[in-house]
1. Being surrounded by fewer than 19 Cβ atoms within 10 Å (Cβ to Cβ) and assigned to a strand (DSSP E or B): is that true of residue 121 here?
2. Quick check on my filter: what residues within region 31-47 are more than 12 Å from residue 125 (Cβ to Cβ), modelled with pLDDT of 90 or more and out of contact with any helix residue (DSSP H, G or I) (no Cβ under 9 Å at 6 or more places or on another chain)?
3. So which residues in region 66-82 are surrounded by fewer than 21 Cβ atoms within 10 Å (Cβ to Cβ), touching a strand residue (DSSP E or B) at 6+ places or on another chain (Cβ under 6 Å) and within 14 Å of residue 121 (Cβ to Cβ), if there are any at all?
4. Can you tell me which condition residue 92 does not meet? The list is (1) out of contact with any helix residue (DSSP H, G or I) (no Cβ under 6 Å at 6 or more places or on another chain); (2) outside any loop (DSSP other than H, G, I, E, B), and all the others hold.
5. Note down all Cβ pairs under 6 Å where the first residue falls in region 97-112 and is touching a residue at least 12 places away in the same chain (Cβ under 8 Å) and on the phi < 0 side of the Ramachandran plot, the second is assigned to a helix (DSSP H, G or I) and surrounded by fewer than 17 Cβ atoms within 10 Å (Cβ to Cβ), and they're at least six residues apart or on different chains.
6. Would you mind finding the one in 126, 166, 108, 151 that is part of a helix (DSSP H, G or I), surrounded by 19 or more Cβ atoms within 10 Å (Cβ to Cβ), modelled with pLDDT of 95 or more and touching a helix residue (DSSP H, G or I) at 6+ places or on another chain (Cβ under 8 Å)?
7. Check off (1) part of a helix (DSSP H, G or I); (2) at pLDDT 95 or above; (3) farther than 21 Å from residue 7 by Cβ for residue 28 and give me the number that stays unchecked.
8. Kindly evaluate residue 59 against the criterion of being touching a helix residue (DSSP H, G or I) at 6+ places or on another chain (Cβ under 8 Å), outside any helix (DSSP H, G or I) and more than 25 Å from residue 135 (Cβ to Cβ).
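The values are calculated or read from the model by the stated rules, or taken from the named source; none is laboratory data. Keep in mind that this is a model prediction, so the values were computed, not measured. Cβ atoms come from the backbone with ideal geometry, glycine included; neighbour counts cover every protein chain shown.
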């Protein structure tokens with residue numbers, strides 16, 4: 001995946017148990033719209049767009065090392081009417097997630113790297129081309145221990161976006177953020 005149309009973003013990729021719970025929630029919501037495939041479920045922390053993957057990865061590695069892991073409670077179902085998107089998210093982002101978003105923005109600015117400057121709205125998209133959901137609270141709140149940041153490359157394909165994880169970094173890593181082993185580029 002390289003060349004035109006490749007866009008970068010930082011995300012939290014749910015572990016298998018959270019993905020299963022998200023898939024159950026999609027099932028509970030019924031035919032709300034076109035479901036996002038299980039393997040594409042994620043929470044975008046910051047959308048970058050075009051950029052040098054190695055430079056963007058370096059910023060991500062340093063930001064991840066500076067922020068502690070946290071618990072994220074997905075306790076609210078929402079609807080973006082203009083986009084036709086049903087999502088599950090949180091009413092109040094945990095401080096470490098807010099700090100991670102802030103760290104990424106600061107580090108990318110220092111590099112002169114452009115990015116989407118929208119405020120953080122932590123959510124996982126469940127359905128696209130959707131109608132408003134039947135209920136606004138998940139039957140069971142989902143608890144997700146966020147402990148890893150990913151850098152993802154996205155390229156549009158005939159069947160929807162194709163995602164490839166370019167790097168993964170634990171939050172609050174004990175090693176120095178400038179050490180060579182901080183970067184883990186490639187297919188992870």
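1. Numbers: surrounded by fewer than 19 Cβ atoms within 10 Å (Cβ to Cβ): yes; assigned to a strand (DSSP E or B): no.
No; evaluated as a whole, the condition is false for this residue.
2. Listed by number, the list holds a single entry, 47.
3. Once the filter is applied, which keeps residues that are surrounded by fewer than 21 Cβ atoms within 10 Å (Cβ to Cβ), touching a strand residue (DSSP E or B) at 6+ places or on another chain (Cβ under 6 Å) and within 14 Å of residue 121 (Cβ to Cβ), region 66-82 yields 76, 78, 79.
4. The single condition residue 92 does not satisfy is (2).
5. These pairs meet every condition: 111/55.
6. Details: 126 fails: part of a helix (DSSP H, G or I); 166 fails: part of a helix (DSSP H, G or I); 151 fails: part of a helix (DSSP H, G or I).
Matching residue, one of 126, 166, 108, 151: 108.
7. The one condition residue 28 does not meet is (2).
8. no
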